[in-house]
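Everything on this sheet refers to the single structure shown next.
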Amino acid sequence: MASRKSSDPIRVGHCQVCRQNSDKLGMRYVGSAAKVLTLVALSILSLGSASRQTQKPPACMISTAKASWYAGNFIGRRTANGEIYTAREMTAAHKTLPFGTRLKVTNPENGKSVTVTINDRGPYIKGRSLDLSLAAAEKLGMVEKGVAVLIVESCTQNQPPPAIIRTIASVF
């Protein structure tokens, strides 16, 4: 049996069926590094398409929240997630929700709704659970009142945790 030189291509597939499948993909002779990367990419793509086919609809939680809005001295300061606060963005502060969580907030008094993204911590006033940016409060029609009881809808997709995404990205 002749030994293989390191420059010789590797034949993909250990049986006839595998070789036929690799021929269909144009991978009969591939260098080892390229083979590994190609197989990893195909695995990731197949996982992605399988998860899209079996993906469950978003799980939504609906609750009420006593909310206020904030601007003034906070404009231009860093939020808890490191962004610069601007009163013109559709953002909100919450004590425990993960940064980046998107909430649909509705004012039941007038039916107006906005979608905000959690980027800060607060409010720190007893009885309140959400601090909205000025822009969100204006769209909801609650600036003059200052505080309102709102309907909050939080929907989450079945997505892999960020650690898995970072691990996959580091392969490439």
Exercise. How much net charge surrounds Ile84 when only other residues with a Cβ under 9 Å from its Cβ are counted (Lys, Arg +1; Asp, Glu -1)?
Worked result: +1
Problem set entry | Charge context of Thr106, other residues only, Cβ under 12 angstrom, K/R +1, D/E -1 | +1
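Values in this text are rule-based calculations from the coordinates and carry no lab data. Keep in mind the model is a prediction, meaning the values are calculated, not measured. Virtual Cβ from ideal backbone geometry, glycine too; neighbours counted across all protein chains shown.
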